[in-house]
Amino acid sequence: MSAVFLGSFVAPNTLPEQRQPRVAILGRSNVGKSSLINLLAGTKIAKVSKTPGKTQTLNLYVVKDRWVFGDFPGYGFAKVSKVQRKTFQRLVDHFLNEDHFQYAIQIVDSRHPAMSTDMELHEWLKSSGVKHLIVLNKSDKLNQKERNATQKQAAISFPGAAIIFASNITNEGKREIEITLDQLKS
Ligand code: GDP
């Protein structure tokens, strides 16, 4: 089975136990989180939406029996009440603090590599000691000049991070992400 949807979760104590390493997929709404999961799964398991998410659930997927991906739709950016935001924050914290949690992929729109929300998330991952990869997504939309500018800016916005370009149109980055994730041990 290439991918299994474990469900959408709203409460920390309901998260299922899986043996595979857990990988958080983080980033603003519409940046391509679901698309990246589908690219790695090789099937359309995650729902790709055209409307920026308001859903405050954690969607879990087991992909290729190798990793558990936690997709946080619109993490921290959805227009929700304070109470909902707090509940979701608890769910995120729970996922990140689990034994099996190993890694985060932070997806950034390669056309906008200097957004403060993205830089804040990266700072937060760094200060929390969460190992992570910055994926500059939708690279297919850049010409060579824009790509060079993005590369320069990303090194400034996300200092010290591993950074790669990716696209689900050209498959750029896919192999590199797989190699990185294969190094995680469950
Ligand atoms: P999410 O909200 O972060 O899960 O984003 P989605 O995966 O739902 O993608 C949002 C939109 O961006 C959809 O219309 C996707 O088809 C599009 N998209 C995602 N990744 C890419 C990419 O690499 N290149 C291009 N051109 N479009 C992409």
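The values are calculated or read from the model by the stated rules, or taken from the named source; none is laboratory data. The structure presented is a predicted model; accordingly, all values stated were derived computationally and were not measured. A quick note on method: Cβ atoms are made from the backbone with ideal geometry, for glycine too, and the neighbour counts reach across all protein chains shown. Heads up: the accessible areas ignore ligands, DNA and RNA and are worked out on the full protein's heavy atoms, side chains in. Shrake-Rupley method; radii C 1.70, N 1.55, O 1.52, S 1.80 Å.
Count, please, the residues in segment 21-45 that happen to be touching a strand residue (DSSP E or B) at 6+ places or on another chain (Cβ under 6 Å) and closer than 20 Å to ARG175 by Cβ.
Going residue by residue through segment 21-45, those that are touching a strand residue (DSSP E or B) at 6+ places or on another chain (Cβ under 6 Å) are 21-27, 31-33, 37, 40-41, 43, 45.
From what is left, the residues that are closer than 20 Å to ARG175 by Cβ are 21, 23, 25, 32-33, 37, 40-41, 43, 45.
Residues meeting the conditions: 10.
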Only one of (1) on the phi < 0 side of the Ramachandran plot; (2) within 16 Å of the ligand (Cβ to nearest atom) fails for GLY173. Which number is that? (1)
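Do we have ALA162 as aliphatic (A, V, I, L, M) and without any contact (Cβ under 8 Å) to a residue 40 or more places away in the chain here?
On the way: aliphatic (A, V, I, L, M): yes; without any contact (Cβ under 8 Å) to a residue 40 or more places away in the chain: yes.
Against the criterion (aliphatic (A, V, I, L, M) and without any contact (Cβ under 8 Å) to a residue 40 or more places away in the chain), ALA162 qualifies.
Being more than 16 Å from the chain's Cα centre (by Cα) and either under 17 Å from ALA24 (Cβ atoms) or of a type outside the set (Phe, Trp, Tyr) (or both) narrows it down to one of GLN153, GLN106, so name that one. Steps first, answer last, please.
Numbers: GLN106 fails: more than 16 Å from the chain's Cα centre (by Cα).
Being more than 16 Å from the chain's Cα centre (by Cα) and either under 17 Å from ALA24 (Cβ atoms) or of a type outside the set (Phe, Trp, Tyr) (or both) holds for just one of GLN153, GLN106, which is GLN153.
Restricting to segment 129-148, what's the tally of residues that are on the phi < 0 side of the Ramachandran plot and within 14 Å of the ligand (Cβ to nearest atom)? Break it down stepwise before answering.
So the first thing to find is which residues in segment 129-148 are on the phi < 0 side of the Ramachandran plot, and the list is 130-137, 139-148.
Keeping just the survivors that are within 14 Å of the ligand (Cβ to nearest atom) gives 135-137, 139-143, 146-147.
Here the count works out to 10.
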Unmet requirement for ASP65, which otherwise passes all of (1) modelled with pLDDT under 75; (2) more than 16 Å from the ligand (Cβ to nearest atom): (1)
The lone exception for GLN56 - which of (1) at pLDDT 70 or above; (2) away from the ligand (no atom under 12 Å from the Cβ); (3) in contact with a Gly (Cβ under 9 Å, 6 or more places away or on another chain) it fails: (1)
In segment 176-186, residue farthest from the ligand (Cβ to nearest atom) [restricted to those that are out of contact with any strand residue (DSSP E or B) (no Cβ under 8 Å at 6 or more places or on another chain) and at pLDDT 95 or above]: ILE179
Note on segment 21-30: residues within 8 Å of the ligand (Cβ to nearest atom) and surrounded by fewer than 24 Cβ atoms within 10 Å (Cβ to Cβ) are ARG28, SER29, ASN30
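Report yes if VAL48 is surrounded by 14 or more Cβ atoms within 10 Å (Cβ to Cβ) and either part of a strand (DSSP E or B) or modelled with pLDDT under 90 (or both), otherwise no. So that I can check it myself, show each step before the final result.
Numbers: surrounded by 14 or more Cβ atoms within 10 Å (Cβ to Cβ): no; either part of a strand (DSSP E or B) or modelled with pLDDT under 90 (or both): yes.
Answer is no for this residue.
Quick one: would you say LYS145 is over 21 Å from ILE177 (Cα atoms) and charged (D, E, K, R)?
So LYS145 fits the description; yes.
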Could you give every pair whose Cβ atoms fall below 7 Å, whose first residue belongs to segment 112-134 and is at pLDDT below 90, and whose second residue is open to solvent by less than 60 Å² (accessible area, probe 1.4 Å) and in a loop (DSSP other than H, G, I, E, B), counting only separations of at least 6 or pairs across chains? THR117/ARG28
